[in-house]
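See below for the structure under consideration.
Nothing in this text is a laboratory measurement; each read-out follows from the coordinates by a stated rule. Keep in mind the model is a prediction, meaning the values are calculated, not measured.
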Amino acid sequence: LHQDVHSFPTRRSSDLLINQRKKMKDCKMQGISSGVSLLILRFFLAWEFLEAGLEKWNGQNWFTEIQDRFPFPFNLIPADINWHVAMGSELIFPFLLIFGVLTRFSALSLTILISVAWYSIHADSGYNVCDNGYKLPLIYVVTLLILITQGAGKLSLDTLIKKVYPTKSWLKFL
């Protein structure tokens, strides 16, 4: 009887240890799967915006035709500057997304860019993509909001920078 009393807590302790290890493994797997998901999302968005930037790079400035439809304060900026800022944003921020550097800033900047496009080009065309509607800009805004709120995830340079400089409190915003 005396041995049974002492073996019960030991058995219970080993069960707790096993459960704790299982939870840690589950947590680690969840972190990895979350990191992979955010990496795929970053690649998807990078491809979409890079493609738009390359079209602007190889195309003609058509912002002069719609400059009056830009929301304030973008309607006050000359069309050529707006064109180059949009093109530069669509060429630079996708690479930052791919590597996971300044991800929240990049996603926020691209959200502003796509919101201006939504307002200026797509808002009056309805929801349908075939009618140049706002469905795709809405999808981009929703997916960019995930990166703004969640960050780049574990598979990013943002995370590596935070590990290398753990005492820098401002890095929590990466």
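Some points to look at:
- Across the alpha-carbon set of region 64-168, the Rg to Rh ratio works out to 1.06, Rh being the Kirkwood radius.
- On the principal axes of its alpha carbon atoms, region 24-110 extends 56, 27, 17 Å, with the longest extent given first.
- 5 Å binning of all Cα-Cα separations within region 90-143, expressed as whole percents from 0 upward: 5, 22, 25, 20, 14, 10, 4, 0
- Euclidean distance between Cα centres, region 143-174 to region 81-107, Å: 16 Å
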